[in-house]
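Single-structure report; data block below.
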């Protein structure tokens, strides 16, 4: 079986960094993806889906250092589910039920420029994962 998720969206809040007891870095991101369409009557419709994303290791430290609320990201990873294969469900304080989509990131790419008002200098825009492969570099 194969489980791969690709998300392109905006961060809903600043990253939340923590470390496991063994010293492994993990950062939690909240990513919003948007879908827009016109219904049968020609009315514009929009839906936003929120994703909880966990990023581990060195990549987590980089995300924590350079990402902030509103920044566009491209996340590739695997979706986590409950024991039955469904999204994790929870009960809100008001008693209503909700579901959450959780992704463990294998790769996070920073899209667009820095957020307006960001105090961090150029390094965030320069980091975009490994360089692209140019066909002349392929040895066959």
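Does at least one position in segment 37-52 carry a residue that is in contact (Cβ under 8 Å) with a residue 24 or more places away in the chain and either over 17 Å from residue 102 (Cα atoms) or loosely packed, with under 11 Cβ neighbours inside 10 Å (or both)? I'd like the intermediate steps shown before the answer.
Filtering segment 37-52 down to residues in contact (Cβ under 8 Å) with a residue 24 or more places away in the chain leaves 49-52.
When the remaining residues are screened for being either over 17 Å from residue 102 (Cα atoms) or loosely packed, with under 11 Cβ neighbours inside 10 Å (or both), the result is none.
No, segment 37-52 contains no residue that is in contact (Cβ under 8 Å) with a residue 24 or more places away in the chain and either over 17 Å from residue 102 (Cα atoms) or loosely packed, with under 11 Cβ neighbours inside 10 Å (or both).
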Whichever residue in segment 55-85 is touching a residue at least 40 places away in the same chain (Cβ under 8 Å) and assigned to a loop (DSSP other than H, G, I, E, B) and, among such residues, is farthest from residue 24 (Cα to Cα): 70
Breaking point among (1) within 10 Å of the chain's Cα centre (by Cα); (2) modelled with pLDDT under 95; (3) farther than 11 Å from residue 75 by Cβ, for residue 51: (3)
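The values are calculated or read from the model by the stated rules, or taken from the named source; none is laboratory data. Quick caveat, the model's predicted, so the values are computed rather than measured. We place every Cβ from the backbone using ideal geometry, glycine too, and count neighbours over all the protein chains shown.
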